Each structure stands twice: as C-alpha cells, then as structure tokens.
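Input: a single structure, listed below in structure tokens.
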Amino acid sequence: PGGPGVRTDAAIYTGYEIPPHFDSMCAKLTVWALDWESLLARAERALRDMNVYGVKTTIPYHTEILRSPEFRLGRFNTGFVEAHPELTEYSVRRPPRELAAAMAAAIAASHGF
C-alpha cells in the first residue's frame, strides 16, 4: 500500500524464504493523517491494499482493532489489546484468486516447476 500518509517498510520480497528463526515483523505499516476519522479510513484502506501471500499475517487482527467501536471512539490505552481478547476471534476468508494461486503453485511444485 502507498499514497499520502501511508508508509510501508519491509524486509521481505517476492521469492524470499523466511528462515525458521525469524523476526516476526517482516513488514511495518505506518499511517498518519490530520484528523482521527481520516486516519481510520486511511489505515483500513492500507490494510485492505496489503498483499502478503504464503505466510499468516496480523492484517485481519489489526482490521478488527480498527473496526472496534471503542477504538474508533478513541477509548483505548496500552491495555486495549489485553482487555479485548474477543478481537482475536475472527475468521480469515481467502479470496478465490489467492486460493487459485496457491493450488497452481502446489501443482507446479509437484511437477518440478
């Protein structure tokens, strides 16, 4: 993702193999805006635009936080995540395009491609 007020710092790239003992933060998304509502909208768009395949990410979790009514009202502190374990109860729906790509990669790999 990119655009005004959106910055992505990443240590991975297409084809990169994540070693078994890795820093779990492979990329960092930073978003800013002049007001809270603009920030929330920009952050949600940036998370929607983030494309990461092949590894589990915290994108759905952060999306749940952004959608939380309490968070949107600005009622949070450093204990917010601990106080809201229900935010981890989300389901990840893979887009058909992503599933098709994963199946194609598995078939190609099984045939030596």
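Points to keep in mind about this one:
- Dimensions of segment 1-66 from C-alpha coordinates, computed as largest minus smallest value along each principal axis and given longest first, are 40, 22, 17 Å.
- Fewest-first ranking of L47, L34, using other Cβ atoms within 10 Å as the exposure measure: L34, L47
- Euclidean distance of C-alpha centroids, segment 67-96 and segment 22-58, integer Å: 14 Å
- Largest GNM mean-square fluctuation across S68, S91, S38, computed for the chain with C-alpha springs under 10 Å, falls on S91.
- Estimated inter-spin distance, M50 and H84, nm [label 7 Å along Cα→Cβ]: 1.6 nm
- Between I12 and A105, residue separation times 0.36 nm minus the direct Cα-Cα distance comes to 31.6 nm.
- Likely footprinting exposure, E44, E17, E70, fewest C-beta neighbours within 10 Å first: E17, E70, E44
- FRET E, pair W32, R72, Förster distance 25 Å, beta-carbon r, rounded to 0.05: 0.90
- Karplus-derived 3J(HN,Hα), 6.51/-1.76/1.60, for each residue of segment 10-20, Hz, glycine and proline x: 9, 10, 10, 8, 4, x, 5, 9, 6, x, x
- Derived scalar couplings ³J(HN,Hα) [segment 107-113; Karplus, 6.51 cos²θ - 1.76 cosθ + 1.60; whole Hz; x for Gly, Pro]: 5, 4, 5, 5, 9, x, 8
- Average Cα contact separation per residue, the chain, under 8 Å, 6 or more apart, as relative contact order %: 20 percent
- Ranked V6, V31, criterion: other C-beta atoms within 10 Å, fewest first: V6, V31
- For the chain, the convex hull drawn through the C-alpha positions has a volume of 143 cubic angstrom per residue.
- Helical contribution to [θ] at 222 nm, DSSP H n ≥ 4, -39,500 (n - 2.57), averaged over the chain, rounded to 500: -11500 deg cm²/dmol
Bear in mind these aren't lab numbers, they're just calculated from the coordinates by the rules spelled out. Predicted model only: the values in this text are computed from it and were never measured. Glycine also receives a Cβ, built like all others from the backbone with ideal geometry; neighbour counts cover every protein chain displayed.
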